[in-house]
């Protein structure tokens, strides 16, 4: 498995900062040109498409990096528009970090002046590379201490940081440990089947993101804080003592929510800052590092089914509280969801008990 990790560029001299800024401007200009060109006319990673861009000071390999990133950007934008059912979408524009391949970025040892590594970037002038000294931090040293770990060439470049790649060996999953159900939500980021609540303030973080003006610095700052909050909370479950985490398969959750007639504009606006995919990506990154197996189950009725008697009813859940209308079992709704998720994986899920009238209307298959 390959992991990317950020290293700060705050120790660069003024001349190196100017050189990095000029290189980034050239990269972004070429990437955006290729994006506009590919948006109007199809192309691929070949010499004919590469020759469309005739300006700038980039070399052949650097232009190849720009074309590859533009292709990925255009393809992912069109796929996202198709998945969301949008008939019109504007051409993507790159203004942040850029990806540099191993042909134009080399990592070398540089144990001088308090630094650990140096990154050699192909510059705008042939034969004059840009050498960036880098300091390794605790997480990078932890990964490199793993037997078989290798620091790969190539990087993701930004004015303030550089992200380098570490290739870690694939380790087998644990054979000893606990199985836990993990329910992710908007008000509480994660609740496990052992009754632990992780990230109870997540709804406040999402509200803070939603209230910021789109495209503003405050919006970006709030989004960065949300990402940091997610990274911190996702690490809090007992990864070391767990061998299997069971989650709901919520693929296309927001799309299904938007398509439901009963979903109001207010509820869609409230749920917009909930980035389930970001949470899931972080969990999927941590799982192989801790040798934990991930299992995804059907989410239907996990928060409406009583774990004691199996009775399924919409009235069982009222906001964050669960109270079975049949046996009066009460608990936190997210804890009930995590318990039912685990039961569905372990085979302890018994047949749902629903009223006959509900069965006739097909309500037993309503997705949560």
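The values are calculated or read from the model by the stated rules, or taken from the named source; none is laboratory data. Note that the coordinates shown come from a computational prediction; the quantities given were computed from them, not determined experimentally. Here Cβ is always computed from backbone atoms with ideal geometry, including for glycine, and neighbour counts include all displayed protein chains.
Only one of the numbered conditions (1) closer than 30 Å to residue 146 by Cα; (2) surrounded by 12 or more Cβ atoms within 10 Å (Cβ to Cβ) is violated by residue 10, and that is (2).
In the set (1) in contact (Cβ under 8 Å) with a residue 60 or more places away in the chain; (2) on the phi > 0 side of the Ramachandran plot, residue 137 fails one condition alone, (2). The set of residues in region 152-182 being part of a loop (DSSP other than H, G, I, E, B) and over 13 Å from residue 99 (Cβ atoms) consists of 159, 160, 168, 169, 170, 171, 172, 173, 174, 175, 176, 177. Flag: residue 315 does not match the condition of being touching a helix residue (DSSP H, G or I) at 6+ places or on another chain (Cβ under 6 Å) and at pLDDT below 90.
Just for region 8-51: of the residues that are in contact with a strand residue (DSSP E or B) (Cβ under 8 Å, 6 or more places away or on another chain) and in a helix (DSSP H, G or I), which one is farthest from residue 124 (Cα to Cα)? Per the criteria, the residue is 31. Please pick out the residue among 91, 104 that is touching a helix residue (DSSP H, G or I) at 6+ places or on another chain (Cβ under 7 Å), in contact (Cβ under 8 Å) with a residue 40 or more places away in the chain and farther than 27 Å from residue 10 by Cβ. Unique residue meeting the criteria: 91.
Filtered by the rule that a residue be buried (at least 17 other Cβ atoms within 10 Å of the Cβ) and within 15 Å of residue 343 (Cβ to Cβ), region 160-190 gives 180, 181, 182, 183.
A single entry from 140, 132 fulfils the requirement of being in contact with a helix residue (DSSP H, G or I) (Cβ under 8 Å, 6 or more places away or on another chain), crowded, with 17+ Cβ neighbours inside 10 Å and not in a loop (DSSP other than H, G, I, E, B): 132. From the list 199, 218, the one residue that fits, being outside the structural domain of residue 25 (by TED's automatic domain parsing), surrounded by fewer than 19 Cβ atoms within 10 Å (Cβ to Cβ) and either out of contact with any strand residue (DSSP E or B) (no Cβ under 7 Å at 6 or more places or on another chain) or at pLDDT 90 or above (or both), is 218.
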